[in-house]
Amino acid sequence: MAILHCTPLPFLSLRTTLYSSKSSLTSTFTNSTTRTRNLLFVAMNTFSKSEPVSSSASSSSTYEVPELAANDMDRISDNTFGRYTGSTKRSGKGTAIVWFRNDLRVLDNEALYKAWLSSETVLPVYCVDPRLFATTYHFGFPKTGALRAQFLLECLVDLRKNLMKKGLNLLVQHGKPEEILPSLAKAFQAHTVYAQKETCSEELNVERLVMGGLKQAVTSPEESSGVTVSNKITKLQLVWGTTMYHLDDLPFDASSLPDMYTQFRKIIEAKCTIRPCIKLPPSLGPPPLIEDWGCLPSLEQLGLCSQNVIKGMKFVGGETAGLSRVYEYFWKKDLLKVYKETRNGMLGPDYSTKFSPWLASGSLSPRFLYEEVKRYENERLANSSTYWVLFELIWRDYFRFLSVKYGNSLFHLGGPRKVQRNWSQDKSLFESWRDGCTGYPLIDANMKELSTTGFMSNRGRQIVCSFLVRDMGIDWRMGAEWFETCLLDYDPCSNYGNWTYGSGVGNDPREDRYFSIPKQAQTYDPEGEYVAYWLPQLRKIQKEKRNFPGNMYIPQVVPLKFGTASGSNKDSSPGARRSNHRGNERKWNRR
Ligand SMILES: Cc1cc2nc3c(=O)[nH]c(=O)nc-3n(C[C@H](O)[C@H](O)[C@H](O)COP(=O)(O)OP(=O)(O)OC[C@H]3O[C@@H](n4cnc5c(N)ncnc54)[C@H](O)[C@@H]3O)c2cc1C
Ligand SMILES: Nc1ncnc2c1ncn2[C@@H]1O[C@H](COP(=O)(O)OP(=O)(O)OP(=O)(O)O)[C@@H](O)[C@H]1O
């Protein structure tokens, strides 16, 4: 297989020039500074770009997710917006800024709604923050890989389009929010900056800096829209919005969050209701007078090599595509009713919802998903599958609330329980995992899918995590940071939360399990279809041997801790296809 090695790219300086007049606001890109990244691993940017061209159509096929024409997606999104249009009246004065972060949507966006209600003019802003394109904390991988960066850019194009449909626009500025927002607040004499509240320290730090910047940029006395604004500090109002259940509706403080998921779920299902989605008026305009709303950077300007998805799933970024995927999965293909039976699959777009990239960027509201599940249950049928999507979305909520409870310990080697264990940071072992060259087809296929598409199934993520941590004994944060680079759906809470669970350092000591590769392969890829898709050289091998190819495949870099990879299932893990969250694994014996 040919691997494209991209040498680390110089980092671009993104400089913002802001003319503090309402009519002239310009952003410029400066392609000047070259700062070579300080990288621990030089080959960190290796992406499996070009598989050999295969004779079989199925081996080289790509699937767009959703697989719908652009005009169909526009129609679906217009219809959805139509259902969420109300007749609220605004009563506010002056200008409010909406600072978009991981809430790149118009539908059910509370920050946007509050800004509209509280003002006469809304200024929507997105800051292309260079820190998002720097490197990960410990191991120097790209903080945002090319595929997620591309997805993000698509989200922004679409957000601008949807805001324009609502009579607004999106101001795109290049630089740090703590520098841009105070300047804008001053220039527009905004009374408030509204934004979605985040929970992890990197984002909290930016919130603190923005707050500090706003305090320093006190607006000067001036007559604006008939209102006298005198030496007022622009407020930063942070709005909760990432979860299906609202933080304020939990029957306990985040600090008393139960440490067992099931306990958490049962309490909130019994005691909490999910707030309805917000209905917006047909127009949120008028927009402020701005000549130049700013342009989006190219991947190259962000210091990334552009990467085409040439195999597997190609996700289309943006709210329009996200709403269309919901329509496609629930209504067009009618797959919600079988979700629980198919969700542990690995191949193709339809074994699971694939909502996660849109949820992570905030292009889809989890409350909207809840309402769509309920609508489906009313109009079609309700069964354990329709419930199970909500069950999984509650996991997502849980990891978000855990980040409030446990703070930075979610990112620490010992995790929230401060578990002491010896970890290795063996570079060549790690690289064999990262590049999909371990000699275990199931691991290698999953890792190639990740670097080629930015996605991996939940089953695959659990298996490759267990292998890295249990069989290789590698520092789990290396795996978590590589996922941070690659995943389209990267979310700090879900990613680091799942990695701490998978590594046995999470808050729940029972979530400490070993996934046996032979057992997983036999259960979830018995005919080797998945591995042969990603490793075409295995296609010539008998189906049931593809996961156990012996010397017909590359050598294994480490032996397995339990069981063998010979094809026989020597693993004594609990029964196959259990429907619980992390079924089909065995308790890890601590070293
Ligand atoms: C090591 C590891 C790392 C992960 N990193 C991330 C991450 O960065 N971002 C992310 O969104 N998910 C992460 N997950 C969770 C899960 O794998 C993905 O959410 C899921 O595979 C996305 O595919 P889907 O949308 O088709 O999921 P579906 O099976 O259709 O589930 C519906 C939704 O439920 C939520 N969900 C499902 N499983 C989980 C879970 N275990 N934890 C949290 N939410 C869940 C997701 O929002 C998902 O979109 C990780 C899991 C593991 C084991
Ligand atoms: N959004 C995020 N994405 C990825 N990592 C994050 C995010 N927010 C916080 N972190 C991680 O949280 C950790 C914070 O480390 P920091 O040193 O600031 O805090 P700390 O608790 O004092 O840790 P330490 O004791 O290791 O110094 C880092 O590992 C950082 O990468």
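The values are calculated or read from the model by the stated rules, or taken from the named source; none is laboratory data. It should be emphasised that the depicted structure is a prediction, and the values quoted were computed from it without experimental measurement. Heads up, the Cβs are rebuilt from the backbone with ideal geometry, glycines too, and the neighbour counts pull from every protein chain shown. When the accessible area is computed, the model is the full protein with side chains, heavy atoms only, and any ligands, DNA or RNA have been set aside. Shrake-Rupley method; radii C 1.70, N 1.55, O 1.52, S 1.80 Å.
Residue by residue through the stretch 133-173, note down the ones that are basic (Lys, Arg) and either over 21 Å from the mean Cα position of the chain (by Cα) or assigned to a loop (DSSP other than H, G, I, E, B) (or both). Outline the logic, then answer.
We begin by selecting, within the stretch 133-173, every residue basic (Lys, Arg); these are 143, 148, 160-161, 165-166.
The answer is 143, 161, 165, 166.
Scanning the stretch 480-501 for residues that are charged (D, E, K, R) and in a helix (DSSP H, G or I), which turns out nearest to ligand 1 (Cβ to nearest atom)? Break it down into steps so the answer makes sense when it comes.
Initially, the stretch 480-501 is screened for residues charged (D, E, K, R), giving 481, 484, 489, 491.
Next, only the ones that are in a helix (DSSP H, G or I) stay: 481, 484.
Working: 481: 11, 484: 8 Å.
Among those residues, the one meeting the criterion is 484.
Which members of the stretch 447-466 meet the condition of being assigned to a helix (DSSP H, G or I), within 11 Å of ligand 1 (Cβ to nearest atom) and among the polar types (S, T, N, Q)? Before the answer, list the steps.
First, pick out the residues of the stretch 447-466 that are assigned to a helix (DSSP H, G or I): 447-453, 458-466.
Imposing the further condition that a residue be within 11 Å of ligand 1 (Cβ to nearest atom) reduces the set to 450, 458-466.
Answer for the stretch 447-466, where residues must be assigned to a helix (DSSP H, G or I), within 11 Å of ligand 1 (Cβ to nearest atom) and among the polar types (S, T, N, Q): 458, 462, 466.
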For this session: Return a yes/no flag: does the stretch 390-408 have any residue that is of a type in the set (Asp, Glu), open to solvent by 10 Å² or more (accessible area, probe 1.4 Å) and in contact with a strand residue (DSSP E or B) (Cβ under 9 Å, 6 or more places away or on another chain).
Result: no
Exercise. Within the stretch 136-156, is there a residue that is open to solvent by 20 Å² or more (accessible area, probe 1.4 Å), away from ligand 1 (no atom under 16 Å from the Cβ) and farther than 29 Å from residue 316 by Cβ?
Worked result: yes
Problem set entry | Test for residue 306: is it surrounded by fewer than 22 Cβ atoms within 10 Å (Cβ to Cβ) and more than 30 Å from residue 528 (Cβ to Cβ) | yes
Problem set entry | Scan of the stretch 348-370 for residues that are more than 19 Å from residue 147 (Cβ to Cβ), part of a helix (DSSP H, G or I) and out of contact with any Ser or Thr (no Cβ under 9 Å at 6 or more places or on another chain), ordered by number | 370
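Kindly establish whether residue 551 is more than 16 Å from ligand 2 (Cβ to nearest atom), of a type outside the set (D, E, K, R) and not in a loop (DSSP other than H, G, I, E, B). Even if it seems obvious, please write down each step before you answer.
On the way: more than 16 Å from ligand 2 (Cβ to nearest atom): yes; of a type outside the set (D, E, K, R): yes; not in a loop (DSSP other than H, G, I, E, B): yes.
Criteria met by residue 551.
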For this session: Determine whether the stretch 74-97 contains at least one residue that is open to solvent by 10 Å² or more (accessible area, probe 1.4 Å), over 20 Å from the mean Cα position of the chain (by Cα) and aliphatic (A, V, I, L, M).
Result: yes
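Output yes when any residue across the stretch 306-313 is within 15 Å of ligand 1 (Cβ to nearest atom) and in contact (Cβ under 8 Å) with a residue 24 or more places away in the chain, and no when none is. Quick ask: steps written out before the conclusion?
Within the stretch 306-313, the subset within 15 Å of ligand 1 (Cβ to nearest atom) is 312-313.
Checking the rest, the ones that are also in contact (Cβ under 8 Å) with a residue 24 or more places away in the chain come to 312-313.
Checked against the condition, which is being within 15 Å of ligand 1 (Cβ to nearest atom) and in contact (Cβ under 8 Å) with a residue 24 or more places away in the chain, the stretch 306-313 yields at least one hit.
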